[in-house]
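Q: This is the structure I have questions about; it appears just below.
The values are calculated or read from the model by the stated rules, or taken from the named source; none is laboratory data. Values in this document were obtained by computation on a predicted structure and should not be read as measured data. Here Cβ is always computed from backbone atoms with ideal geometry, including for glycine, and neighbour counts include all displayed protein chains. For the accessible areas, the whole protein counts, side chains as well, though only heavy atoms, and no ligand, DNA or RNA atoms are used. Shrake-Rupley method; radii C 1.70, N 1.55, O 1.52, S 1.80 Å.
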Amino acid sequence: MDLAVQRVLRPGSFEEAVRVMAEHPHALPIAGGTDLVVQLRDGRRAADVLVDLSGAGLAFITARNGVVEIGGATTMDAIANSREIRDACPALAAASRLVGAWPIQCRATLGGNLANASPAADTAPPLLVAEASVHLVSADGDRRIQLSELFSGPGETCLRPGELIRSIMIPTQHLQRTVREGFAKVGPRWEQIISVASLAHRFELDADGSIREARVAVGSVAPTPVRARAAEQFLAGKPPTAAVRREAARHLQDDISPIDDVRAPAWYRRVAVSVLLDRALTEAADG
Amino acid sequence: MGSVTVSLVLNGEQRTFEVPAGRRLLDLLRDDAGLTGTKEGCGAGECGACTVLLNGLPVPSCLVLAASCEGADVVTVEGLGGDRPLHPLQRAMVERGGVQCGFCTPGVVTTGAALLEHGITEPLEQGRRLAGNLCRCTGYSKIFEALQAAAREPGDD
Ligand code: FES
Ligand code: FES
């Protein structure tokens, strides 16, 4: 069945894409389309004009000056395969391999996953933990914001009309530190699911195995993916013992506000995300 | 509805189509190119029946806008064997009973052929990569046997 769109514009460069977006303020940009095509088909979104970003040169990964930059139209598959990303943010590489199944990963893009702003977006918790920033460009100029500022609610972002996600920037890590990082999600099965709860963590460890700095971000348990600041603050300076793990899970409950929906009740999400934190801490303790 | 022109290499042949702006690659293949091997199961990216190779990688053609395939290389189940009548995986699927009703098969063999092309032969990893291709009939064992057999085949390129 054809989608109810009148025109698809296909800019051949990023500059042209920005111009075309300014000329068509109600147009929707489309990259991989794995979310948007279904939304258009089901009438959850509508647009007369689509701006296809395949020719806009936004599929790239570069590493320089302590920053890994990922173009907005880079696919999950390319991210999962990238050595630079596996070094700078292993949790993102892991999460990219858990978005849908492989054919989806070969099509879905990072910019699309973020712009769609699902509370369950799997790439968001790893990027929040990495304190990634986002480069936004419109005909009026460009700005760089923290990823945490991008999400304003379920399906909602602070993107202005005509603004495009050009790239996502991740600071690279100091190799001399001992860091445990990972991503895990819970759902009815391993692949091809929308997360019921997800968690990314980055623990920097001291020589004695206690946690110098904890960064934790969670998905599907709040209106947007969020950092778990209460749990993080509690964990800083503590060894990941069984008692600390239990107490951390209690603090985590203050960071989240899950809801009941078709995929899971709120209480289950609370339990599931606690289990994910407990596992991450146990693994950190085991080295 | 406006229309768009899409020029692409389809199963090794340069082709140009004039299609409605909102056409999906799946419908271009089935309705405009007459290649009905590619199937529509869910139309939502969940079943894998519509999988084709886009620039060498498997994608759900039900989620791909035809207009965004300008200049792309697309291979469907009909073109998978290239010059040969059948791709080694297609032959192995037939020989080992990996096909029952056949509805999932075009998607399974395109994803599977990409797995072999990328040298992914470890069974657990093959299972993960094929998890988006649902099959109601075979129970998957025969499909994995066929993948292993095709991977062993000497000089299949
Ligand atoms: S028809 Fe495309 S994934 Fe089901
Ligand atoms: S053979 Fe029938 S669905 Fe797979």
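Q: Go through region A:230-267 and report how many residues are among the hydrophobic types (A, V, I, L, M, F, W, C) and free of Cβ contacts under 8 Å to residues at least 12 places away in the same chain.
A: 6
Q: Moving on. Considering (1) within 16 Å of ligand 1 (Cβ to nearest atom); (2) within 22 Å of A:N81 (Cβ to Cβ); (3) open to solvent by less than 10 Å² (accessible area, probe 1.4 Å), say which one B:T76 fails and leave the rest.
A: Status for B:T76: all satisfied but (2).
Q: Step by step: first the residues of region B:123-150, then only those that are more than 13 Å from ligand 2 (Cβ to nearest atom) and buried (at least 19 other Cβ atoms within 10 Å of the Cβ), then the one that is farthest from the other protein chains (Cβ to nearest Cβ). Which residue is that?
A: Applying the filter and picking the extreme gives B:A150.
Q: Looking at this structure, is B:G56 at pLDDT below 95 and either more than 16 Å from ligand 2 (Cβ to nearest atom) or away from every other protein chain (no Cβ under 14 Å) (or both)?
A: no
Q: Can you tell me which residue within region B:39-53, out of those that are part of a loop (DSSP other than H, G, I, E, B) and of a type outside the set (G, A, S), is farthest from the other protein chains (Cβ to nearest Cβ)?
A: B:K39
Q: Now for a separate question. Go through region A:50-82 and give me each residue that's open to solvent by 20 Å² or more (accessible area, probe 1.4 Å) and either among the hydroxyl-bearing types (S, T, Y) or assigned to a strand (DSSP E or B) (or both).
A: Answer for region A:50-82, where residues must be open to solvent by 20 Å² or more (accessible area, probe 1.4 Å) and either among the hydroxyl-bearing types (S, T, Y) or assigned to a strand (DSSP E or B) (or both): A:S54, A:I61, A:T62, A:A63, A:R64, A:V67, A:E69, A:T75.
Q: Within region A:174-194, how many residues turn out to be within 26 Å of A:E84 (Cα to Cα) and either touching a residue at least 40 places away in the same chain (Cβ under 8 Å) or within 14 Å of another protein chain (Cβ to nearest Cβ) (or both)?
A: Selection size over region A:174-194: 9.
Q: Filter region B:80-122 down to residues that are away from every other protein chain (no Cβ under 14 Å), in a helix (DSSP H, G or I) and of a type in the set (A, V, I, L, M), then give me how many there are.
A: 4
Q: Now for a separate question. If you take the residues of region A:155-191 that are surrounded by fewer than 21 Cβ atoms within 10 Å (Cβ to Cβ) and among the hydroxyl-bearing types (S, T, Y), which of them is modelled with the lowest pLDDT?
A: It comes out as A:T178.
Q: Starting from region A:272-285, take each residue that is under 19 Å from A:T178 (Cα atoms) and list its partners that are outside any helix (DSSP H, G or I) and of a type in the set (K, R), counting only C-beta distances under 7 angstrom and pairs at least six apart or across chains.
A: Here the result reads A:E283/A:R180; A:A284/A:R180, each pair linking region A:272-285 to a residue that is outside any helix (DSSP H, G or I) and of a type in the set (K, R).
Q: Ok, one more. Please state which one of B:V94, B:V77 is under 27 Å from A:D52 (Cα atoms) and within 16 Å of ligand 2 (Cβ to nearest atom).
A: So the residue among B:V94, B:V77 that is under 27 Å from A:D52 (Cα atoms) and within 16 Å of ligand 2 (Cβ to nearest atom) is B:V77.
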